[in-house]
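The values are calculated or read from the model by the stated rules, or taken from the named source; none is laboratory data. Keep in mind that this is a model prediction, so the values were computed, not measured. Cβ placement follows ideal geometry from the backbone for every residue including glycine, while neighbour counts extend to all protein chains displayed. Just the protein is used for accessible areas: all its heavy atoms, side chains included, with ligands, DNA and RNA removed. Shrake-Rupley method; radii C 1.70, N 1.55, O 1.52, S 1.80 Å.
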Amino acid sequence: MIKKKAEGKLLVVETDKSKKLAVDNVENYTVKMEPHIKGIEIGQEDVLNIEREMNSRAKVWVRILGISESTKNGEDRVRKSVISTSGVPPTIYGLPKDHKNVNPGTEHPFRQVCSGDTGPDAKHANVMSMVITPVNEEFSDEAQVESTEDLAAHLAQFNEDMIRELLDLYGTDVKALFPSLGVDKSADAVEELMEKSSLNIKNIDFIELGRLMAYTVPKEKLEEKHLTEFVAKRKSSGGRKPKVTGRELDKRFSTMRQSESIWHQPEREPEGEFVRQMLATAVAEEVRFILKNHTFRYGDKLILQEEGGAIGSELTCVVSKTRVILFTWKLKELLVVIEKRWFRFERHFIRHVSGTKEYLGWKKCVNKDIKLALTKWYVDDNTVISSRIPKGWRYNSQLSRMEWRVEWEEEDSDLKPDCVTARVMASIMSSIDPDIQLTWDAPGNNPDGRMPVLDLKLWMETDEFGVNKVRFTFYEKPMATQFVIKRESALPWQVKKMTLAGEVARRQLNMDSQAWEDEGSQVMEKFNFKMLTSGYSEHERRVIVKEGLARVANLKDKAASGKRPLYRKASWMKEERGIQKILKAKKWAGAAESVVFVQSTPDETLKKSIQEVANSSAFKIRVVERGGRTLKSIFQKSDIIPNKKCWDNNCPVCQTEEKGLCCRENAGYSIQC
């Protein structure tokens, strides 16, 4: 297979959800990828121009944010770390969606994937993500979760509130969230959220920012926001507008002699709300520029993405969170409006002086409040608990009101109540933003009465006192592999044991106490069978299970003593947990003065023999086994259809021998005369 892959006769790709390896031929793969290659084909010079401007902007933002002031080696090193020099966009490739049901003989659709770590815009996108992320985090607890544990913590809080109202649990899912995000709307959303933020803004070089905004922000926008007095003004109005890539921006504005600059310094620095507004406006324009200039490559084609969030970019993920936060606020505002707009189409009577007359038409009903008890997004999936909407009701998006007809109630007669609520609420949500269109799911829409969310299954119960309680149990997707880490895999035993023990703990924690009592044995029996088929002995399986259960018991003891909650919200001691994580990574070797890495061998034979020798030395040496290569790393590369040469027809390297891109980062050269 490796030989055929090297000859270009076949290629290997990882599937989307199940993480299996799929074999395909180049011709068939190319046909399936064609619908995903959307954009304008450009040349290498266009890519280099984009890269130059990205680099210029990123270097200025390093000075604006004062990033270099917290480093030992100063500004030069930091500035070099935020620029790209390869001129090569990341490659786009497709992952087969083997979890989707298709007709016999039909190919599985692809999910497009692109590396966000490389490319002309990658590093500047990361800098902007660093600016926007704290703003998202300020509001994220209102609308978002970051993990299963975070969601479980919010569900536990809901259960503790002991709500007795008639509520339904359901979920919504955005159709193609990242590709649907409009660039201008996303930039405006970032600006809006930053203006509403209450974060303390300090250590910003507003003189430097004022000069950059003179280049990047349209004059009309500056006037609209009343920011002109905080922005540098050009000394000469003649000639064409200076470019960001000029030499002017290579030097810090505040330390330049005025005779060296083509700009007058701003009249004054911003104060009060203008501080936030100025930064928000500048960041929004950077987001707009990055998303409009995202490039990728497929084979020998260089593509400028025309629409949607930049594929693979960290900034797209960050901006999507911003959009979701604002979307949640708008939903709550819309529900307040709908509260007073409920109409029934029916026969009703109106008294007149001449007598009572009968009419058939819309009649306003008593106000009804749709209460949002919980709404939590994880990327594009939203878990919602809200007031039940009776059968027969529909949302009229044109009139922003609820309407009922008798024939609609007949249509809903076979639906479960939570499905009715979910369908109506999905239509209400889809009316808010054309970029965010939703599908729905509910426990009543599933045969077992439970709704999959992440690696949980959720459903709602009501106790004898009428209190709503969300139940949850462990969930594994049907396409999940039936194996765990293979016993004979080239990983240290300790790594296998701790990883699999973590899986045991995850299964127990993903089940509420009643579910663990009722179903825990079946879940663990299935996992035990996975370990058995993966080659683990009875003794090894027993050790792994005991370790996993002990972890959960330890967590419960800490929760009982008040040291931590059993399920932690993402915001719980976030700063302290972040510091502990960094310190743990630095001290992973313990008290050892040196670490020796060796190849993994059965029963750690090599490691034990070397550690025995090391223990007799005068130094504290720790011997650690190194894991082997995965099959994916051997068979699949992100550059599935690689270039044989660069785009320069006069390149002396590529003219000699077509071995790949000469301009990629971290490339080595061997030239023979």
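Identify the residue in region 223-244 that is at pLDDT below 90 and of a type in the set (Ser, Thr, Tyr) and, among all such residues, is farthest from Asp76 (Cα to Cα).
Checking each candidate, the answer is Ser237.
Looking at (1) in contact with an Asp or Glu (Cβ under 8 Å, 6 or more places away or on another chain); (2) closer than 20 Å to Leu166 by Cβ, can you tell me which one Leu360 breaks?
Condition not satisfied by Leu360: (2).
Does any residue of region 314-331 turn out to be farther than 26 Å from Ala426 by Cα and assigned to a loop (DSSP other than H, G, I, E, B)?
We begin by selecting, within region 314-331, every residue farther than 26 Å from Ala426 by Cα; these are 314-315.
Now narrow it down to the ones that are assigned to a loop (DSSP other than H, G, I, E, B): none.
No: zero hits.
For residues in region 438-451 being under 24 Å from the mean Cα position of the chain (by Cα) and crowded, with 18+ Cβ neighbours inside 10 Å, which is farthest from Val337 (Cα to Cα)?
Of the residues in region 438-451, the ones under 24 Å from the mean Cα position of the chain (by Cα) are 438-442, 451.
Filter once more, keeping what is crowded, with 18+ Cβ neighbours inside 10 Å: 438, 440-442, 451.
Details: Leu438: 21, Trp440: 23, Asp441: 25, Ala442: 25, Met451: 30 Å.
Within region 438-451, the match that is farthest from Val337 (Cα to Cα) is Met451.
Of the conditions (1) in contact with a strand residue (DSSP E or B) (Cβ under 8 Å, 6 or more places away or on another chain); (2) modelled with pLDDT of 95 or more; (3) surrounded by 17 or more Cβ atoms within 10 Å (Cβ to Cβ), Phe343 fails just one. Which one is it?
(2)
Taking into account only those residues within region 263-288 that are in a loop (DSSP other than H, G, I, E, B) and either open to solvent by 70 Å² or more (accessible area, probe 1.4 Å) or of a type in the set (S, T, N, Q) (or both), which is farthest from Glu224 (Cα to Cα)?
Gln265
Here's the yes/no breakdown for (1) in a strand (DSSP E or B); (2) surrounded by fewer than 17 Cβ atoms within 10 Å (Cβ to Cβ):
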| position | (1), (2) |
| --- | --- |
| Leu199 | no, yes |
| Leu209 | no, no |
| Glu229 | no, yes |
| Gly239 | no, yes |
| Ser254 | no, yes |
| Ile290 | no, no |
| Leu302 | yes, no |
| Gly308 | no, no |
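So which of Met573, Met524, Met531, Met511 ends up being on the phi > 0 side of the Ramachandran plot and of a type in the set (A, V, I, L, M, F, W, C)?
Matching residue, one of Met573, Met524, Met531, Met511: Met573.
Quick check, is Lys363 open to solvent by less than 80 Å² (accessible area, probe 1.4 Å) and in a strand (DSSP E or B)?
Here the answer is no, as Lys363 does not meet what is asked.
Within region 169-176, can one find any residue that is open to solvent by less than 20 Å² (accessible area, probe 1.4 Å) and either more than 19 Å from Asn382 (Cα to Cα) or part of a helix (DSSP H, G or I) (or both)? Steps first, please.
Residues of region 169-176 open to solvent by less than 20 Å² (accessible area, probe 1.4 Å): 169-172, 174.
Narrowing the set further to residues that are either more than 19 Å from Asn382 (Cα to Cα) or part of a helix (DSSP H, G or I) (or both) leaves none.
Looking for residues that are open to solvent by less than 20 Å² (accessible area, probe 1.4 Å) and either more than 19 Å from Asn382 (Cα to Cα) or part of a helix (DSSP H, G or I) (or both), one finds none in region 169-176, hence no.
In region 120-134, is there at least one residue being of a type in the set (Gly, Ala, Ser), part of a helix (DSSP H, G or I) and open to solvent by 40 Å² or more (accessible area, probe 1.4 Å)?
No, there is no match, as no residue in region 120-134 is of a type in the set (Gly, Ala, Ser), part of a helix (DSSP H, G or I) and open to solvent by 40 Å² or more (accessible area, probe 1.4 Å).
Is it fair to say Thr322 is polar (S, T, N, Q), more than 24 Å from Asp433 (Cβ to Cβ) and touching a residue at least 24 places away in the same chain (Cβ under 8 Å)?
Against the criterion (polar (S, T, N, Q), more than 24 Å from Asp433 (Cβ to Cβ) and touching a residue at least 24 places away in the same chain (Cβ under 8 Å)), Thr322 does not qualify.
Among the residues that make up region 344-353, is at least one of them touching a residue at least 12 places away in the same chain (Cβ under 8 Å) and in a loop (DSSP other than H, G, I, E, B)?
No, that holds for no residue.
Identify, please: which residue in region 614-628 is in a loop (DSSP other than H, G, I, E, B) and touching a residue at least 24 places away in the same chain (Cβ under 8 Å) and is, among those, farthest from Ala591 (Cα to Cα)?
Gly628
Could you identify the single residue in Arg52, Arg63 that is closer than 29 Å to Lys123 by Cβ, basic (Lys, Arg), modelled with pLDDT of 85 or more and open to solvent by less than 50 Å² (accessible area, probe 1.4 Å)? I'd like the intermediate steps shown before the answer.
Working: Arg52 fails: open to solvent by less than 50 Å² (accessible area, probe 1.4 Å).
The conditions single out Arg63.
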